[in-house]
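The values are calculated or read from the model by the stated rules, or taken from the named source; none is laboratory data. On a predicted model such as this, the values are computed, not experimentally measured, just so you know. Neighbour counts run over all protein chains shown; Cβ positions are idealised from the backbone, glycine included. Just the protein is used for accessible areas: all its heavy atoms, side chains included, with ligands, DNA and RNA removed. Shrake-Rupley method; radii C 1.70, N 1.55, O 1.52, S 1.80 Å.
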Amino acid sequence: MTAVLQGLDLPALQRWFDRQVPEAAGPIRAEPLHGGRSNLTYRVTDGTACWVLRRPPLGGLTPSAHDMGREYRVVAALQGTGVPVARTVALCEDPAVLGVPFSVVAHVDGTVIRTREDLARLSPEQAAQRAYGLVDAMAALHAVPYRDVGLGGFGRPAGYLGRQVRRWHDQWHRVATRELPDIRRLHAALAADVPAESGASVVHGDVRIDNAILAPEDPGRVRALVDWEMAALGDPLADLGLHLVYRDPAFEPVLAGSAASVSDRYPPAAALAERYARASGHDLGRLDFYLGLGYFKIAVIAEGIHARHTGGLTVGPGFDTVGEAVPRLAAAGLAALASG
C-alpha cells in the first residue's frame, strides 16, 4: 500500500478518519480495489480493521450516475432488512477533504467472481448455485417495502421506464466519442414502445456477479451486494433485464475481455429469468423491452468509460477493450426488441 494514490489524498483522509471513524486506530494505508469500471474504490486499513472507500471517477462526464450520498443512503436504509449489504460507516459530502464526496463502509470478507478463470475453478453445480444465489438476492431486494425502511422519498417510481430511456439518451450525448446509428435506432425503438411499469421497488441498477461478495462456505449465499451508485426507486424488471444482458458475450469487452457472466459455466439467460420469476412472482411477458433497455444502458455506460479512458482519466488496467463493446451492445439491443 502507498500514500501516493491517484484520486486519493491519504494525509487528508487520515485527518478525516481521525475525526469521523472512531473505530480506526493508528495510521491508515490504502490501495485501489480493481474491478469497478466507474466509481473509484479503495481498500483502507489501519493494520487491524478494514474499510472500503468509494469516490466518483476522475472525469465527471456523467455526474448524475456518481451521487455518493444516494449510494450511501440506500445501503444504510437496507441494514437489517435481509438484503445483503456492507455495514455503513461514514459519508463525507465536504469537497474540502478529497475534492469530491466519498463514502466509507466496512470491508466484507468473501469471494468475488470476476473472470471466466474465477468461474472455471468451480464445479458446474457450484457455479449455478452462485448465479442463482445472486438472482435470489435481487428478488429479495425487490421485495423490500421501501417506504417502511425510509426510502419513500428516494425517487419517483411512476414513469421510471420512460425517464430511463430519456436519461441514457441524454447521457449518450454527454459522453459519445463517435456516431453510432444503432444507438439512434435503439433509442427510437425504446421510446416508441415504453410499457407500463411492472411494479415499484428499490432497484440496484447494476446487479452482476462481480458486484456481489459471496460466502466461500455456502455457494448459494451472497454476503453483500456492492456498487449501489445507480440505485433508485423504479421498475424491478429493469434490474433483471440488465442482469440478463450481462450474460451476453457482447458485454465481455467491458470487463477487459474476461467476464465471468458470459462463461459457458454460467446458467443461460432463460434459466436465470425463470429463477427470478419463481422467486419474485413477476410476469416476464415484456422481457424484450427490459432487455433492450439494459443493452441501451450498458452501451452508454461503456461509452462513458471509453471516453474517460481515452482522456486519461481512468485508474488501473483493463480499459483498452471497453470501446469495442458499444456497437455490439447496441446491435444486440435491437435484436432483443425484434424478438419480442
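Some points to look at:
- Whole-number percent relative contact order across the chain, with pairs defined as alpha carbons under 8 Å at least 6 apart: 19
- Carbon + sulfur, % of accessible area of the stretch 248-312 - ligands and nucleic acids excluded, 1.4 Å: 52
- Sparsely packed chymotrypsin sites (Phe, Trp or Tyr not before Pro) within the stretch 117-208, loop by DSSP, other Cβ within 10 Å at most 16: none
- Net length available on complete extension from Ser123 to Arg278 is 53.4 nm, with 0.36 nm assigned per residue and the Cα-Cα distance removed.
- Which of Glu23, Glu179 is most accessible, then next, and so on - probe 1.4 Å: Glu179, Glu23
- Between helix 181-191 and the chain there is an angle of about 80 degrees, using the helix long axis and the longest principal axis of the Cα atoms.
- Loop sites in the stretch 139-242: trypsin sites (Lys or Arg not before Pro), DSSP, at most 14 other Cβ within 10 Å: Arg147, Arg178
- Per-residue packing, averaged as other Cβ atoms within 10 Å, sorts the ranges 49-55, 209-215 into the order 209-215, 49-55, beginning with the highest.
- Only Cα pairs under 8 Å and 6+ residues apart enter the sum, and on that basis the relative contact order of the stretch 65-189 stands at 19 percent.
- Accessible area per residue for the chain, computed on protein heavy atoms with a 1.4 Å probe, is 40 Å².
- Here the gap between Arg178 and Arg156, fully extended at 0.36 nm per residue and compared with their Cα-Cα distance, gives a gain of 4.7 nm.
- Whole-percent carbon and sulfur share, accessible surface of the stretch 126-227, 1.4 Å: 49
- Going by accessible surface with a 1.4 Å probe and the largest first, Asp248, Asp283 read Asp283, Asp248.
- Between Val108 and Asp170, the simple spin-label model (points 7 angstrom out along Cα→Cβ) gives 3.1 nm.
- Rounded if a/c under 1.5, otherwise prolate or oblate - the stretch 249-338, Cα gyration tensor axes: prolate
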